[in-house]
Structures are given as structure tokens and as C-alpha cells.
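Just so it is clear, none of the values below were taken in a lab; they were calculated from the coordinates. Keep in mind that what you see is a predicted model, and the values were worked out from it rather than measured. Counting neighbours? That spans all protein chains shown, and the Cβs are built from the backbone with ideal geometry, glycine included.
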Amino acid sequence: NMNLGASAPEVSGDYYAWGATAPNPGGNYSWTNCPYCIDRNGEKFSKYVPMGKMSYWGGGGSPDNKRKLEPGDDAAAAKLGGKWRTPTSAEFEELFKSCDTEWTTVNDVNGLKFTSRTNGNSIFLPATGHRNGSSLYDAGEEGLYMSSSLATDIPDHSESLKLSSIGARGTTVKRNCGLAIRAVTE
């Protein structure tokens, strides 16, 4: 019912780079702190590169063709244990296709309320913004939520959920950026 590292549903919680199991030290979300990035420009990676994207591969041998975070690289699994994990992009898509949304405020925090058309249950996702470098962008105006899915067409990006006052949609975000995580369980 709240973001990873949050104390209440309307609190942003911690921010994570894709593949990191802890927030970046000092809040610096750059390519030099990005898991599995082996150059300063985010162009070569040692893990999570599809076979058809050889130009992104910097490890020995061939690209690994991994397209989803493994449990050891999943912040939700590492922090909460058990069957907790970061949702896939398909689960985000299911969320915004099966729910009505309303831009609202909870305790002076803007965010998007998702209400199920099936059972009427709802969740609130705060407009967390995102971190890039040492800066926080768009907090209160939009939220970017990490999925466990790699953007296979551009594997220096991950699939993400973007929410704002106009609704929710899937997007891609560079793997080095700090995003909020709303964990799911089986």
C-alpha cells in the first residue's frame, strides 16, 4: 500500500536505479553509479542486453539476452524478501487498463488514485518525480515508477509507468535514473 522505503501511502519513498538493490549513495544517479554500466556514457553494459543489440554489450562473449530483473538485482525482492518483487511493465499496463484513475491530493501530496473496475479497491501512487544526476525532477507533477522489464529496443532504458494529472501510461527511462518502486507480491 506504499512505495518502497516510504512510511505512508503518500510518501515518495526511496529512489532506485534499474538493477540497484539500494538507493544510490549521496543521491547521485549518474551513469558512473548505474549497475552493470561499464562506461561513463551509458552505452555499454555487462548484464541485461538483448541478443539483437550487440552495440550495447560490453561484457565478454555475447549479450546475455536477459530482459527482466533477476531477484538478486530487484530492490523490492532484496528489501522485502519472500515473494515481493518489482512489477513488470505488463502488470503496469494491466493496472491502468483495468482501473479508473483520478488525479487527487492526499495530505497535500499530488498523485493518481487507481480504482479497480472489478472490485472497487483503490491505491494511491504519489507524484514522486524522478532523480537524474543529483537533482529531483517533476515531484508533485508526475510520478515515474520502475518496472522489472528492460526496454529491449533501447536497452540503456527500462520500461516504466508514468503518471500525471492526465492519467497513466507506459514509458521508458534511462537505467541510471532514480525511480520509485511500488512492490507487488504473488
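Each of Gly60, Asn110, Ala151 was scored by the projection of its Cα onto the charge dipole of the chain, and the greatest displacement toward the positive side belongs to Gly60; charges sit on the C-beta of Lys, Arg, Asp and Glu.
Once you order the gyration tensor axes a ≥ b ≥ c over the Cα atoms, which shape class does the stretch 131-175 get: rounded for a/c under 1.5, otherwise prolate or oblate by comparing a/b with b/c? Judged from the Cα gyration tensor, the stretch 131-175 comes out oblate (a/c at least 1.5, b/c at or above a/b).
Extending 7 Å from the Cα toward the beta-carbon at both Glu43 and Ser55 defines two label points whose distance is 1.0 nm.
Taking a ≥ b ≥ c as the square roots of the eigenvalues of the Cα gyration tensor, an a/c ratio of 1.5 or more together with a/b no larger than b/c marks the stretch 25-75 as oblate. Compared with the dominant principal axis of the Cα atoms in the chain, helix 89-98 is inclined by about 20°.
Dimensions of the stretch 82-186 from C-alpha coordinates, computed as largest minus smallest value along each principal axis and given longest first, are 37, 31, 28 Å. The overall shape of the stretch 105-165, judged from the alpha-carbon gyration tensor, is oblate: a/c is not under 1.5, and a/b is no greater than b/c. Judged by a Cβ-Cβ distance under 4.7 Å, the unpaired cysteines of the chain are Cys99, Cys177. Modelled spin labels at Glu91 and Ser135, positioned 7 Å past Cα toward Cβ, are 3.2 nm from each other.
Each residue of the stretch 1-135 gets 141 Å³ once the volume of the Cα convex hull is shared out per residue. Here's the list of aspartates and glutamates a cross-link from Lys53 could span, going by alpha-carbon distance under 14 Å and ignoring same-chain residues fewer than 8 apart: Glu43, Asp64, Asp153, Asp156.
Quick one: check the C-alpha center-to-center distance for the stretch 57-107 versus the stretch 1-45, whole angstrom. Measuring centre to centre over Cα atoms gives 13 Å.
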